[in-house]
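Have a look at the structure below before the remarks.
The values are calculated or read from the model by the stated rules, or taken from the named source; none is laboratory data. The shown structure was predicted, so the numbers you read here are calculated from the model rather than taken from an experiment. Please note: Cβ atoms are built from the backbone with ideal geometry, for glycine as well, and neighbour counts cover all protein chains shown. When the accessible area is computed, the model is the full protein with side chains, heavy atoms only, and any ligands, DNA or RNA have been set aside. Shrake-Rupley method; radii C 1.70, N 1.55, O 1.52, S 1.80 Å.
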Amino acid sequence: MSTFLIVDDDHASCRTLRLHFHAQGYEAHIAHSAAQALAEQGRLAPDVIVLDIRMPGKSGLDTLPDFKRAFPGAHVIMITAFHDMESTIQAMQRGADDYIQKPIDLDELDAAVTKALRYAHSEAQGVLVGDAGADRGSMVGRSRVMKEVFKTIGLAASIRATILITGESGTGKELVARAIHRAGPNPSGPFVAINCAALVETLIESDMFGHEKGAFTGAVERQAGKFALAHRGTIFLDEVSELSHAIQAKLLRVLQEKEFLPLGAKAPQATDARVIAATNVDLAGRVQDGSFREDLYYRLQVVNVNLPPLRARKEDIPDLVHALLARIDREMRRHVRRVDPEVLRCFGAYDWPGNVRELENALMKAVVLSPGDIITLDALPAHIAQRTASACATAEPPAQGSLREIEKAHVQRVLETTGWHRGRACAVLGVSRPRLRRMIRQFALIPPPGAPTDEDDTHADGGGLHR
Ligand SMILES: Nc1ncnc2c1ncn2[C@@H]1O[C@H](COP(=O)(O)OP(=O)(O)OP(=O)(O)O)[C@@H](O)[C@H]1O
Ligand SMILES: [Mg+2]
């Protein structure tokens, strides 16, 4: 039987989680502080530790390394109320195996537990490094996909593997590259960007690798290339798909041999720059049609971070608006703090082909056009306001109540119409029986007297389970 250790200063939250784990047949222990939990060292051998980040005294984040030492082999799932990138990255770097935000979605927790148990006692752990550093250029996003992105950044940053960042234009690829650099082993080292699409071939070669004096007409001085400048830092190859075959071959050599040859030089120079590449095209497709080398493709994407388009993570929009507005305010010395809810609704209905950059530009224009401290619909670019006007209008009536309330009301209605026949209710709702059971418990739905009982329900909530 798998053993769980729940560490959270919130007693109610602990009890709920323990019941939840008991119901699934796991053994679950509770501690209300890191110290209390660590005192169990030697007595308990948990497979999974559910650790709250925010606790009085030493935080879960600070004590994470202690937990990894005290309970080797245990998988740690961190819980936090925050939605920021830094704590996710830090948690992953200090050895957390997964990361879940409050309010806890039990399905998400179950998925994390399943994953943790699958890997339990495997030794693959990340390397520990220092703090992720400044909040400059911080990324926001609370969607599940962005949380996955933050986790990957945290895991990939400390190993110096080559990383390929993919995503449509304006999704934040460069921001991710900088975040990886900042979270890496040498955040104060250089971050050097090369736009592979911007330069002609001869220039790009000398730009990347440098040249000796007289290497070509006009090379009057010896010049160091960006690989040399990125020494002990990161080199960011933006739009890497645009490199010519000749440069692709040279880049492959750099990645394999860790050295490069400046134009006109006799001896190669060593480099230890970490390479991060980005592309907004389908690089695998380029490999298929022969315009991108297959071997280079595999060398580049040791780790792949894929940024989904904004339209696939619209739940990130409010946070993005908030963060981008703060940045715009700072740059423009304005105080536009508020956004008409109607504007947010329109943002949610629009498709954002230009992704976060388009949102940023729209907000920038709106700030300029807004006389006061609030952005209203008429300050939006016409094509966004117009195209979404009808969608906004029709979206109005059902936009009442949280998802949870609507879900609860719907589950209740279905249970009533099926006379609390759980099998039928599951079929109507399209959910599994354990899921329905959980919803009944979560929403505190009470069957009317005489309603059929669910044996498993009785079992899951039965008194014998409390330890
Ligand atoms: N998650 C995010 N949080 C805050 N700002 C973001 C986020 N994603 C993108 N941005 C902002 O949006 C703009 C575009 O991001 P970035 O330049 O990193 O995109 P990109 O994918 O490199 O685009 P392109 O393919 O056009 O080069 C930047 O100003 C960036 O700061
Ligand atoms: Mg870019």
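The requirement of being surrounded by 21 or more Cβ atoms within 10 Å (Cβ to Cβ), modelled with pLDDT under 95 and within 16 Å of ligand 2 (Cβ to nearest atom) is not satisfied by Leu199. Entry remark, segment 40-63: residues being in contact with a helix residue (DSSP H, G or I) (Cβ under 9 Å, 6 or more places away or on another chain) and more than 25 Å from Met92 (Cβ to Cβ) number 1 in total. Candidates are the residues of segment 168-181 that are open to solvent by less than 20 Å² (accessible area, probe 1.4 Å) and more than 14 Å from the chain's Cα centre (by Cα); the one that is nearest to ligand 2 (Cβ to nearest atom) is Gly170.
If only residues of segment 154-167 that are open to solvent by 10 Å² or more (accessible area, probe 1.4 Å) and over 22 Å from Arg311 (Cβ atoms) are counted, the one that is nearest to ligand 2 (Cβ to nearest atom) is Thr162.
For segment 373-464, the helices (runs of 4 or more DSSP H) that sit wholly inside it and include 1 or more residues that are open to solvent by less than 70 Å² (accessible area, probe 1.4 Å), assigned by TED's automatic domain parsing to the domain that holds Ala349 and at pLDDT below 80 are 382-395. Here Val192, Val149, Val140 are screened, and the one residue that is touching a Gly at 6+ places or on another chain (Cβ under 9 Å), within 9 Å of ligand 1 (Cβ to nearest atom), at negative phi and at pLDDT below 95 is Val149.
Can you name every residue in segment 27-38 that is touching a His at 6+ places or on another chain (Cβ under 9 Å) and open to solvent by 50 Å² or more (accessible area, probe 1.4 Å)? If you could, list the steps in order and put the result at the bottom.
Pass one, segment 27-38, residues touching a His at 6+ places or on another chain (Cβ under 9 Å): 28, 30, 32, 37.
Within segment 27-38, His32 is the sole residue that qualifies.
Elements of the type helices (runs of 4 or more DSSP H) sitting completely within segment 212-290 and holding at least 1 residues that are assigned by TED's automatic domain parsing to the domain that holds Pro187, more than 13 Å from Ile194 (Cα to Cα) and within 16 Å of ligand 2 (Cβ to nearest atom): these cover 283-288.
Considering Leu255, Leu251, Leu263, which residue is touching a Ser or Thr at 6+ places or on another chain (Cβ under 6 Å) and surrounded by 14 or more Cβ atoms within 10 Å (Cβ to Cβ)? Show your work before the answer.
Numbers: Leu255 fails: touching a Ser or Thr at 6+ places or on another chain (Cβ under 6 Å); Leu251 fails: touching a Ser or Thr at 6+ places or on another chain (Cβ under 6 Å).
Answer to the selection: Leu263.
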